[in-house]
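Reviewing the structure listed below.
Bear in mind that the values in this text are calculations on the coordinates, not laboratory data. Source: prediction; values computed, not measured. A quick note on method: Cβ atoms are made from the backbone with ideal geometry, for glycine too, and the neighbour counts reach across all protein chains shown.
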Amino acid sequence: MKKKVKKSRVYVELTAVWGNDDAESTIKVSRRRWKSICAGAAYQTSALSWYEGQSDTVTWSFINGEVSIDGSDFAQYVRDRPVLELFVHEPSSGSS
């Protein structure tokens, strides 16, 4: 009997920086979701952000090809920026 080979999922890593480029947050999304975000789909998720060694929870919101990132204290870190301004690491299909 043949063994079923499970393919590992490949994610796109998105990083945003703000302030004087000394604060950042990174999320991972599937390639399918990234493609839909670039096409203007709405999506929202939470992640950690880092500033001077301290972490905070932030909310990433995508709509109409733009991203906004808000802090847990209602601070607006990134507001309506084009998603193509994010740092995007998209692994090639051959990597795991």
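Given the criteria among the β-branched types (V, I, T) and farther than 24 Å from V10 by Cα, does T57 qualify?
Values: among the β-branched types (V, I, T): yes; farther than 24 Å from V10 by Cα: yes.
Here the answer is yes, as T57 does meet what is asked.
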Q. Only one of (1) over 19 Å from E66 (Cβ atoms); (2) surrounded by 10 or more Cβ atoms within 10 Å (Cβ to Cβ); (3) charged (D, E, K, R) is not met by K35, so which one is it?
A. (1)
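Among the residues of region 25-42, is there at least one that is part of a strand (DSSP E or B) and in contact (Cβ under 8 Å) with a residue 24 or more places away in the chain? Spell out how you get there, then give the answer.
So the first thing to find is which residues in region 25-42 are part of a strand (DSSP E or B), and the list is 25-30.
Subset that is in contact (Cβ under 8 Å) with a residue 24 or more places away in the chain: 25, 27.
Within region 25-42 (the criterion being part of a strand (DSSP E or B) and in contact (Cβ under 8 Å) with a residue 24 or more places away in the chain), the answer is yes, since at least one residue qualifies.
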Q) Hey, among the residues in region 1-24 that are of a type in the set (A, V, I, L, M) and assigned to a loop (DSSP other than H, G, I, E, B), which one's surrounded by the fewest Cβ atoms within 10 Å (Cβ to Cβ)? A) M1
